[in-house]
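**Q** I am attaching a structure below and will ask some questions about it afterwards.
Values quoted throughout were computed directly from the atomic coordinates according to the rules given, and no laboratory measurement underlies them. Note that the structure is predicted; figures quoted are calculated from it, not measured. Virtual Cβ from ideal backbone geometry, glycine too; neighbours counted across all protein chains shown.
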2 protein chains.
Amino acid sequence: MTEQRSVPGAGDLLRILRDGRPRTRSELAAVTGMSRTTVTHRVDALLAGGLVGPSGEAAPAGGRPPTVFSFRPGSRVALGAALGATHVRLALTDMSARILAEERADLDIALGAEKVLDWVTERGLELLRGAGRDRGELLGMGIGLPGPVQHSTGRAVSPAIMPGWDGFDVSTRVRDRLGVPVLVDNDVNVMALGEHRTAWPSASHLMFVKAATGIGCGIVSEGRVYRGAQGAAGDMGHIRVSAAAGLPCRCGQTGCLEAVAGGTALAAALTARGVPASGVRDVADLARSGSAPALHALRQAGRDIGEVLAGAVNMFNPSVLVLGGALALAGDHLLAGVREMVYQRAVPLATERLGIARSSAGENAGAVGAAVMVVEHRLSPEHADSLVAGPP
Amino acid sequence: MTEQRSVPGAGDLLRILRDGRPRTRSELAAVTGMSRTTVTHRVDALLAGGLVGPSGEAAPAGGRPPTVFSFRPGSRVALGAALGATHVRLALTDMSARILAEERADLDIALGAEKVLDWVTERGLELLRGAGRDRGELLGMGIGLPGPVQHSTGRAVSPAIMPGWDGFDVSTRVRDRLGVPVLVDNDVNVMALGEHRTAWPSASHLMFVKAATGIGCGIVSEGRVYRGAQGAAGDMGHIRVSAAAGLPCRCGQTGCLEAVAGGTALAAALTARGVPASGVRDVADLARSGSAPALHALRQAGRDIGEVLAGAVNMFNPSVLVLGGALALAGDHLLAGVREMVYQRAVPLATERLGIARSSAGENAGAVGAAVMVVEHRLSPEHADSLVAGPP
């Protein structure tokens, strides 16, 4: 029985202006079907809030030229946090995903939800102050967690590497401290969103692979994060690959991609070959230093990841595959292996225009994507009107 | 610079009423933000076209009770055609996908585009006449082709089993004969759509697998056919599976799913074992007659298809997998093999609520889905207003 009114509000004007093109009141009236009086009233509200500003005059059609208005992306800011197992990255961005301030810090996620989140909240507020921005300008905070998340409620779900976080209401905890909306998602989803918005905004279907300790995938389909039926989409680390046949995986199965191409597996294999490595960072450092066994291992890991991606390319025909995470950022060897396998195995129609690239958002993809998530939430049709009413 | 007016028209009222719930003029005004005068005007147009009708009176709130209006799904009809290599299925449906008339006929697609399409057009018109419906009530025709299709233009694209169809403008040819919009898609996409609308309307993510001579997949994601970047999504027949290692495939690769689990491969394998079979129909008939080698072959084909689907389930987390096509409809053995492999290999979170079922639309899935495709096109926000203006 709940049906939304489709009468456009000030938020709709904001959403129209967000494309960057300045418009006159008449143009806004024509696009929305609002009366001139209503448009004037709502533009005034947007001007008062600083969300739009006059941007010169339109071409005169006789008489005094009408004012044109533009969206001001710098008028509000958002915080994004990307939590890893042992570190956190924070970013303060404007509404166009431009980074205004950022920070990386070591932080052990096993300290537990309350300590970690309180630290993140405090540091976020310091970033805001340091950038000379006001709490009233903060739209919200987005948080990416290194484990499964129930996006709709903002809770962590039985996260393997996050003891003490299971079922914790991340969203409410942080919202209570900041007084702004807080959205939570898993790390690969926010990385995919950040990469899409900053590097591939016109890609219709992007798959972002994070190759690190584990291997996961975030999918942006027609502009939105694709989650699947239970929010479990992108769990590519436990798809079977031929090279892993018989190898035990931490998930309880054998033959999973992660069991042969994840950071832990690569470190163990290198150690067994007499090149000691204790985790994904060591593997990446070895590769950067030119260790031949490490480079070979990354190339083969790329092929194994590529075998899984070739199937995904046939099935879902993305426009671009982006590779991120410590293993992909440690040089071009993993990327080369992925390309080799995808172009060899996927069907020609699906690879004809397929881009395969390393992440250009790089280490910032997650924090920027988390900030983007909350900006887009606040500018969505359901919520944009609340921006005009002032700080929540 | 093209921006659509968001002022609601008669088509929007139709779209609102399409959920089946009757509404008064006041309710329609409240939902759309239209004035009462505008609503009255537009409801009159819908009444005149027979698209809605009065459906009794609302609960009185003092005085004369207001009239409530309902969508009339039977007031317009659509034709759907599903073409196979050697046969065609036609269906005439109303706007709720109810079959009013249907037909199956042998027809060799290799006769070429013009002969086949002219035949399909003529038979479609006979179905319409036989059901006592008028040409003016026909919304359009949907056509499913057994090969790649450029959906946006309605052209066939280098179809392996359709000599003489490459680049043929199917849509224009049929539209010129029928005088109504004609939409074209590949067979698995329309089957997925038909299955979703008739059997799983509330499934958020459905994957429909057609297991026949070839093996393909149609995907319905949040209500819409998922096509991917180039329209190539769902090409699962050429994903590598372990059981096909080294086997040559008609696509030029080795190790493809179709090379071990497609109808042609199964027929060849049975023949080699002394059970002669010349194609997918023979394999299905053998299975129906209880031939143990055929049942074993179908079970194993199900496992091989299930290996590919397990990966797709991890990656895309569908809510339901539906199995159709001659091999899946020949009993439960293929389904059992798929279930075995998917539940064994996919991650628990993705299979927790996953349904795996045989097609219930069965042999009609394609023709009904093709009709649904054109009904939904005509009722879409861009086109619904044209229904009120009378026959196109």
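**Q** Of the beta bridges DSSP finds with both residues in the protein assembly as shown, what % are antiparallel, to the nearest 5?
**A** Values: 68 of 106 bridges.
Percentage antiparallel, nearest 5: 65.
**Q** Counting Lys +1, Arg +1, Asp -1, Glu -1, what net charge surrounds A:D282 among other residues with beta carbon under 15 Å of its beta carbon?
**A** Working: positive: A:R273, A:R281, A:R288; negative: A:D285.
Value of the local net charge: +2.
**Q** Given H placed 1.01 Å from N in the peptide plane, which residues other than close sequence neighbours of A:G324 have an amide H under 5 Å from its amide H?
**A** Placed amide hydrogens put A:V209, A:K210, A:A211, A:S359 under 5 Å from A:G324.
**Q** So for segment B:10-71, averaging the separation of alpha carbon pairs under 8 Å that are six or more residues apart and normalising by length, what relative contact order in percent results? Don't jump to the answer; show the numbers that get you there.
**A** Values: 80 pairs, mean separation 26.1, N = 62.
Relative CO of segment B:10-71 lands at 42 percent.
**Q** Would you mind ranking B:H87, B:H238, A:H377, A:H205 by Cβ crowding within 10 Å, fewest neighbours first? Please report the intermediate quantities before stating the final value.
**A** On the way: B:H87 14, B:H238 27, A:H377 18, A:H205 24.
In increasing order of surrounding Cβ atoms, one gets B:H87, A:H377, A:H205, B:H238.
**Q** Follow-up question, since we're still on this one. Averaging sequence separations of C-alpha pairs under 8 Å and six or more residues apart, then dividing by the length of chain B, give the relative contact order as a whole percent. Present the calculation step by step, with values, prior to reporting the outcome.
**A** Working: 842 pairs, mean separation 69.3, N = 392.
18 percent.
**Q** Output wanted: per-residue J couplings in Hz (rounded whole) for segment B:107-121, from phi through Karplus 6.51 cos²θ - 1.76 cosθ + 1.60, θ = phi - 60°, x for Gly and Pro.
**A** With coefficients 6.51, -1.76 and 1.60, one gets 7, 7, 5, 6, 4, x, 4, 5, 4, 5, 5, 5, 4, 4, 4 Hz.
**Q** Continuing with this model, one more query. Net charge near B:D332: determine it from the other residues with C-beta under 15 Å of the C-beta of B:D332, scoring Lys and Arg +1 and Asp and Glu -1.
**A** Working: positive: B:R288, B:R299, B:R303, B:R339, B:R358; negative: B:E340.
Net local charge, B:D332 excluded: +4.
**Q** Over segment A:10-71, what lengths in whole Å, largest first, do the semi-axes of the equivalent ellipsoid take, defined as the square roots of 5 times the eigenvalues of the alpha-carbon gyration tensor?
**A** Its equivalent ellipsoid spans semi-axes of 17, 13, 11 Å.
**Q** Considering only segment A:105-224, what is the antiparallel percent among its DSSP beta bridges, to the nearest 5? Write down the numbers at each step before the final one.
**A** Numbers: 11 of 16 bridges.
Antiparallel: roughly 70 percent of the beta bridges in segment A:105-224.
**Q** As I understand it, the dipole of the protein assembly as shown uses +1 on the Cβ of Lys and Arg and -1 on the Cβ of Asp and Glu, about the Cα centre. Which of B:L51, A:L13, B:S26 lies farthest toward its positive end?
**A** It is B:S26.
**Q** Let me ask something else. Per residue of segment A:279-288, in order, report the coupling 6.51 cos²θ - 1.76 cosθ + 1.60 (Karplus, θ = phi - 60°) as ³J(HN,Hα) in whole Hz, putting x for Gly and Pro.
**A** x, 4, 5, 4, 4, 5, 5, 4, 4, 4
**Q** Per 5 Å bin, what is the whole-percent P(r) computed from every C-alpha pair distance within segment A:201-362?
**A** Per 5 Å bin, starting at 0, the Cα pair percentages come out as 2, 10, 19, 23, 21, 14, 8, 3, 1, 0.
**Q** I'd like the Kirkwood hydrodynamic radius of the protein assembly as shown, using the inverse of the mean 1/r over distinct C-alpha pairs, in Å.
**A** Values: mean 1/r = 0.0349 Å⁻¹.
About 28.6 Å, per the Kirkwood formula over Cα pairs.
**Q** Quick one: what are the phi-derived ³J(HN,Hα) couplings along segment A:167-176, Karplus 6.51/-1.76/1.60 with θ = phi - 60°, whole Hz, x for glycine and proline?
**A** x, 5, 7, 4, 4, 5, 3, 6, 4, 5
**Q** Return the long-range amide H neighbours of B:T24 (sequence gap of 5 or more, or a different chain), with a cut-off of under 5 Å between placed amide H atoms.
**A** Result for B:T24 returns B:F69.
**Q** Which percent, to the nearest 5, of DSSP beta bridges fully inside chain B are antiparallel?
**A** Antiparallel: roughly 65 percent of the beta bridges in chain B.
**Q** Sticking with this structure for a sec: Chain A: longest stretch without exposed GluC sites (Glu not before Pro) (DSSP loop, at most 14 other Cβ within 10 Å), sites themselves excluded? Before the final figure, lay out the partial values.
**A** On the way: sites that count: A:E3, A:E222, A:E352, A:E382.
My reading of the result: A:4-221 is the longest stretch.
**Q** Separate question: Can you tally the net charge around B:A245? Count Lys and Arg as +1, Asp and Glu as -1, for every other residue whose Cβ sits under 15 Å from the Cβ of B:A245.
**A** Values: positive: A:R240, A:R345, B:R240, B:R303; negative: A:E307, B:E258, B:D304, B:E307.
Charge balance near B:A245 sits at 0.
**Q** Based on other C-beta atoms within 10 Å, arrange B:T40, A:T38 from fewest to most. Walk me through the numbers on the way to the answer.
**A** Working: B:T40 13, A:T38 18.
With the fewest neighbours first, B:T40, A:T38 line up as B:T40, A:T38.
**Q** Neighbouring Cβ atoms within 10 Å as the yardstick, rank A:T213, A:T86 fewest first. Each step should come with its number before you reach the end.
**A** On the way: A:T213 26, A:T86 15.
With the sparsest Cβ surroundings first, the list reads A:T86, A:T213.
**Q** Please report the Cα spread of segment B:283-392 along all three principal axes, rounded to whole Å, starting with the longest.
**A** 59, 37, 17
**Q** Going by amide H atoms built from the backbone, whose H comes under 5 Å of the H on A:N186, apart from near neighbours?
**A** Close amide H contacts, sequence-distant or interchain: A:L145, A:V149.
**Q** Shielding by partners for A:343-350, please: the mean number of other protein chain Cβ atoms within 10 Å of each residue's Cβ.
**A** 5
**Q** Averaged over peptide B:306-314, how many Cβ atoms belonging to another chain are found within 10 Å of each residue's Cβ?
**A** Working: counts 0, 3, 3, 1, 3, 11, 6, 6, 15.
For this peptide, the per-residue mean of nearby foreign Cβ atoms is 5.
**Q** If you wrap a convex hull around the Cα atoms of chain A, how much volume per residue is inside, in Å³?
**A** Details: hull volume 65.7 nm³, N = 392.
Hull volume over Cα atoms, normalised by residue count, gives 168 Å³.
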